[in-house]
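Here's the structure, in structure tokens; my notes come after.
The values are calculated or read from the model by the stated rules, or taken from the named source; none is laboratory data. Because the structure is predicted, anything quoted here is derived from the model rather than measured. Cβ sites come from the backbone with ideal geometry, for glycine too, and all protein chains shown count toward neighbours. Calculation scope for accessible area: heavy atoms of the full protein, side chains included, ligands and nucleic acids excluded. Shrake-Rupley method; radii C 1.70, N 1.55, O 1.52, S 1.80 Å.
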Amino acid sequence: MSAESTPGPGIPGKNSETPRRRAAKGRRKPPTTRRRALSATAWTTAGIVVLGGTGAGYLYFKLNGNLKTVDINQALGTDRPGKAAGGSENILVLGSDTRSGGNRKLGGGTDDGSARSDTAMIVHVYAGHKKAAVVSVPRDTLVDRPECTDAKGGTHPAAHGVMFNEAYSTGGAACAVKTVESLTGVRMDHYLEVDFSGFQKLIDELGGVQVTTTKTIHDPDSHLNLDTGTHTLTGQQALGLVRTRHGVGDGSDLGRIQLQQAFVKALVDQVKHVGLFTNPKKLYDLADTATRAVTTDSDLGSVNSLISFADGLKGISASHMNMVTMPVQYDPANPNRVIIEKSKAQQVWDALKNDRPIPAGATRGTATGKAKGVVSG
């Protein structure tokens, strides 16, 4: 499958706060053939910021200055789904494929000022913060995008039957959030975004991520070559893995999502076992890289806020994450696109709204890729 999206705005803005001391182990989630993908990083980022909580005060001002934010609440106003009760939270995690700066070499293509959301995950943290559900939204899904106001106040008219990732390229983070809330009826409490270079650097700072492959993966488009067996992936290899679609399976975006989900679980477990507290420099380098790697909503736009947020995630292990793909079917008119299986998708959204497990039947019989089991942690 291949796809093109129209160019659109990026996501700027900053926020800062005062420092605070903290330490813990955490993790995150995080988007394609010449595109990037990984929101997985966003999970990692939050966890790494927690790990960075042992530095001196002046370092925190520097870390705060690294963060980029966007005021989702101001852009969307009050016409939104209500906030969840009982302590559960929903986070939209996007991977953006901007070609600006160092991302051009990693992502390929030209720097046309555009960016797309080629990885999108809705992360639902259940009340009690002991388990989570992660719903991947295929970028090739045809959706009805609502009218959007972007972070700069520009208005974009509604559009029918457009690719999901067109929302981000049209109106930035605010439009992506509004589109997800329109599709699901579920409020996104937070927003996290990661780009190519930030993802790669973060994996390298972690010392790589160990995965096992059950099939050889060879994809010249993503520059990935892995034989069957166990590998400690460098940042470049990890980026190649989460972007690859032609190197394994049926070449579909759905297959790539299966690889991404497996990588996220491996990444979550890796972060929990990295020995950082004996190496203050590595601790700070990770926090510095993580805060440079992400764009957040303004509510998370300070080191203190990220520490508090990530501290609430640190008890969730990979074994307590249920990862599914939004129920879809291939579009009969175009096999390179998918359409939402509305009745089954509604079961997923109802489960999230009510803080309940996603029923197994919600994804049974829906379209799926052919890369399940190719990668494990």
How many of the residues making up the range 136-172 are over 26 Å from residue 78 (Cβ atoms) and either surrounded by fewer than 21 Cβ atoms within 10 Å (Cβ to Cβ) or touching a strand residue (DSSP E or B) at 6+ places or on another chain (Cβ under 6 Å) (or both)? 8
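Taking the range 220-235 only, how many residues are outside any helix (DSSP H, G or I) and modelled with pLDDT of 90 or more? Steps first, please.
Looking only at the range 220-235, we keep the residues that are outside any helix (DSSP H, G or I), and these are 220-234.
Within this subset, residues satisfying the condition of being modelled with pLDDT of 90 or more are 224-234.
Looking only at that region, the number is 11.
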Residues of the range 129-176 that turn out to be assigned to a strand (DSSP E or B), in contact with an Asp or Glu (Cβ under 9 Å, 6 or more places away or on another chain) and over 30 Å from residue 251 (Cβ atoms), as a count: 2
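I'm trying to understand the selection: among the residues of the range 299-329, which are among the hydroxyl-bearing types (Ser, Thr, Tyr) and modelled with pLDDT under 95? Step through it out loud before you land on a result.
Residues of the range 299-329 that are among the hydroxyl-bearing types (Ser, Thr, Tyr), as a first pass: 302, 305, 308, 317, 319, 325.
Correct list: 302, 305, 308, 317, 319.
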Starting from residues that are surrounded by 24 or more Cβ atoms within 10 Å (Cβ to Cβ), of a type outside the set (Asp, Glu) and at pLDDT below 90, keep the ones in the range 108-135 and report whichever is farthest from residue 257 (Cα to Cα). 115
Of all residues in the range 340-374, which are open to solvent by 60 Å² or more (accessible area, probe 1.4 Å) and of a type in the set (A, V, I, L, M, F, W, C)? 360
Scan the range 290-306 for residues that are in contact with a Pro (Cβ under 9 Å, 6 or more places away or on another chain), assigned to a helix (DSSP H, G or I) and either within 13 Å of residue 191 (Cα to Cα) or not aliphatic (A, V, I, L, M) (or both) and jot them down. 304
Mind counting the residues in the range 299-316 that are in contact with a helix residue (DSSP H, G or I) (Cβ under 7 Å, 6 or more places away or on another chain) and open to solvent by 10 Å² or more (accessible area, probe 1.4 Å)? 5
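Please indicate, with yes or no, whether at least one residue in the range 237-244 is under 30 Å from residue 68 (Cα atoms), among the small types (Gly, Ala, Ser) and open to solvent by 10 Å² or more (accessible area, probe 1.4 Å).
Among the residues of the range 237-244, not one is under 30 Å from residue 68 (Cα atoms), among the small types (Gly, Ala, Ser) and open to solvent by 10 Å² or more (accessible area, probe 1.4 Å), which makes the answer no.
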Here is a check on your reading of the model: is residue 287 assigned to a helix (DSSP H, G or I), out of contact with any Asp or Glu (no Cβ under 8 Å at 6 or more places or on another chain), over 30 Å from residue 71 (Cβ atoms) and hydrophobic (A, V, I, L, M, F, W, C)? no
